Amino acid sequence: MFLLLPFDSLIVSLLGISLTVLFTLLLVFIIVPAVFGVSFGIRKLYMKTLLKIFAWATLRMERGAKEKNHQLYKPYTNGIIAKDPTSLEEEIKEIRRSGSSKALDNTPEFELSDIFYFCRKGMETIMDDEVTKRFSAEELESWNLLSRTNYNFQYISLRLTVLWGLGVLIRYCLLLPLRIALAFTGISLLVVGTTMVGYLPNGRFKEFLSKHVHLMCYRICVRALTAIITYHDRKNRPRNGGICVANHTSPIDVIILASDGYYAMVGQVHGGLMGVIQRAMVKACPHVWFERSEVKDRHLVARRLTEHVQDKSKLPILIFPEGTCINNTSVMMFKKGSFEIGATVYPVAIKYDPQFGDAFWNSSKYGMVTYLLRMMTSWAIVCSVWYLPPMTRQAEEDAVQFANRVKSAIARQGGLVDLLWDGGLKREKVKDTFKEEQQKLYSKMIVGNHEDRSRS
Amino acid sequence: MGAAHSASEEVRELEGKTGFSSDQIEQLHRRFKQLSGDQPTIRKENFNNVPDLELNPIRSKIVRAFFDNRNLRKGTSGLADEINFEDFLTIMSYFRPIDTTMDEEQVQLCRKEKLRFLFHMYDSDSDGRITLEEYRNVVEELLSGNPHIEKESARSIADGAMMEAASVCVGQMEPDQVYEGITFDDFLKVGAWELGVGTGAALGACRGPC
């Protein structure tokens, strides 16, 4: 053991030197540019390199699979149902026509065969329904060297496994500590900075400082996640007195949007670290935080938001009307609350590129900490943000129609599917009003004609 | 990786028993796991996780059909408490389209199996006959969504349909003769199903041979 002593001090000094070097690099290449809002282009270069590696890996797998005669790309999920998009009336007529040998006088009555249609529809939804599909992560067509996205691809070659192992090493031992250090720096700077700014008297200087403190810290956090963001149409960015509305995929959406503009946040007061951050932020500039009890009271919420929006000196509010995280393949129903306030709405579409890391937060599967760890051990988070032109509610529209109009615009821009369903279905059941539609249609068909007959 | 061998043997066995291809079996297995929450069996409550199914007026009958011992070929009556993947596939296989390449006899057999599945949906007490009560029950469920229809209208529709069925099966009845119910053979007659190979779209919910 005593023989190790000289080596001991060597190791310690080596450690000290490497830590210093790491920190200097960190400071120079990441934090300083973040503070000033410049970019060296390192992340874009990183992304290009990664893409080349993924392309090579996929080619390798395809070649390997062909050699072994193994099917690599599984059939499309919808392949099992022979879907026939006809309406209820047409289908039932078709069933009856092919069935009955009686002289058809074309007045549909109840037939034994009518049960076919509903039975089949029921089977189809049991096999595959539109809603549940939206709440599980998107399946990739090529492999991005993350075992968590490896559904279809199996062991192909040694070289690939080595590459994957190298990837694991880089991600967990190099990138992860770096990112955690950055995140730590970012959050502590945010708390300290906003508290300090809070001591200043209200005025232009305070506003200026608080905006920049916020921006700086969000930029550091963006680098902490290695998020490579492309902003489109920045001229349409939200202005004071407006409401910014976006589709929701994960809590990271907030960081992504806030690093490119100044927003007032809206949310529930949390405890713990989040609570500390929230309290600090609100000292520097007015955000809208609600107590848990206040959240239930819709009128109170609406009133506070309206007050905020009418004060032109306050920043635009950032709201996610879906109410929950969706897996970024579709946009679900927007809750009408934010659209009733009557302010200008600035829609924003966010689309993540799943090749580099799946940003979707499946809150029923992963907690917040696990989710953040997963984010920090992915390669990168690549996304595109489109700022859409502002919209206001027209005279003939009600809040729901307005919300749907905004939703379609966002879905169209982001290339997402526009769904009528409520994101709350992730946790609750269907409202009864929906249940009745199909039954109403069918019964109208039967009874309407039955009454005609009994009358004639 | 080592478990892959026995898994593919199982898949082959299931392929033979139910007629699905191995790709379809894997897809259905994923769906099964989703419905069961990664458990090896499904219970009735698991079907509550399918939001689209709520729209269906005969939802309870469809779910019940999955657990019906007659459909599972495990008995002549009663309900199972839970089903495993093989049972799930057995029920799904009733919805595969009829294979055009089979001979006439087999086609008829296939048709009969499908119609028997529907018969079981009507005949809830498993006594082999669809009584007036059971018929009314189905009609009421199908028409239940519409608040404007009173129970009486639904009943009269059911009664009318039942009388027609009786006249087809038994012919002219004596005034005090009681019609006991539609048996399976009557069911085949009354419906006069022409589930020919071309119009098999009605019951053909999946791709692949029967």
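The values are calculated or read from the model by the stated rules, or taken from the named source; none is laboratory data. Please read these numbers as outputs of a predicted model, since none were measured by experiment. So basically every Cβ, Gly included, is an ideal-geometry build from the backbone, and we count neighbours across all protein chains shown. When the accessible area is computed, the model is the full protein with side chains, heavy atoms only, and any ligands, DNA or RNA have been set aside. Shrake-Rupley method; radii C 1.70, N 1.55, O 1.52, S 1.80 Å.
Annotations
- Remark: region A:305-314, residue by residue, has Karplus-estimated 3J(HN,Hα) of 5, 4, 4, 4, 5, 6, 7, 5, 7, 8 Hz, where x stands for each Gly or Pro and the curve is 6.51 cos²θ - 1.76 cosθ + 1.60 at θ = phi - 60°.
- Förster radius 51 Å - calculated FRET efficiency between B:Lys17 and A:His270 (Cβ-Cβ, nearest 0.05): 0.45
- Where region B:2-95 is the region considered: accessible area per residue in Å², 1.4 Å probe: 47
- Applying the Karplus relation 6.51 cos²θ - 1.76 cosθ + 1.60 with θ = phi - 60° to region B:130-135 yields 3J(HN,Hα) values of 8, 7, 4, 4, 5, 4 Hz, where x marks Gly and Pro.
- Given charges at Cβ of Lys, Arg, Asp, Glu: region B:2-95 dipole, positive-most of B:Phe88, B:Phe20, B:Gly37: B:Phe88
- R0 of 56 Å, Cβ-Cβ distance A:Arg292-A:Leu51: FRET efficiency to nearest 0.05: 0.80
- Apportionment of accessible area to carbon and sulfur, region B:1-152, percent (1.4 Å): 46
- Computed on region A:226-428, the Cα convex hull volume stands at 128 Å³ per residue.
- Shape analysis of region A:246-345 places it in the rounded category; the axes a ≥ b ≥ c from the Cα gyration tensor give an a/c below 1.5.
- Mean partner shielding of peptide B:58-64, defined as the number of other chain Cβ atoms within 10 Å of each residue Cβ, is 4.
- Under 5 Å from the amide H of A:Ser330 lie the amide H atoms of A:Val417, each residue being 5 or more positions distant or on a separate chain, with H modelled from the backbone and absent for Pro and chain starts.
- Counting every alpha-carbon pair across region A:155-209, the share separated by more than 17 Å comes to 61%.
- Rolling a 1.4 Å probe across the protein heavy atoms gives region A:226-428 an accessible surface of 43 Å² per residue.
- Cα-based shape type of region B:24-134, given that a ≥ b ≥ c are square roots of the gyration tensor eigenvalues and the cut on a/c is 1.5: oblate
- Estimated vicinal HN-Hα couplings, Hz - region A:338-345 in sequence order (Karplus 6.51, -1.76, 1.60; Gly, Pro = x): 6, 8, 8, 5, x, 9, 5, 9
- Sorted peptide list for B:83-90, A:36-43, criterion being average Cβ within 10 angstrom, highest first: B:83-90, A:36-43
- Average beta carbon contacts from partner chains per residue of A:214-223, 10 Å cutoff: 0
- Burial order of peptide ranges A:25-33, A:241-249 (average beta-carbon count within 10 Å, highest first): A:241-249, A:25-33
- Summed buried accessible surface, chains B and A, 1.4 Å probe, nearest 100 Å²: 5200
- With every protein chain in place, region A:239-328: carbon and sulfur % of accessible area (1.4 Å): 57
- Label point at A:Arg234 placed 7 Å out along Cα→Cβ; residues across region A:27-54 whose backbone nitrogen lies under 11 Å: A:37-39
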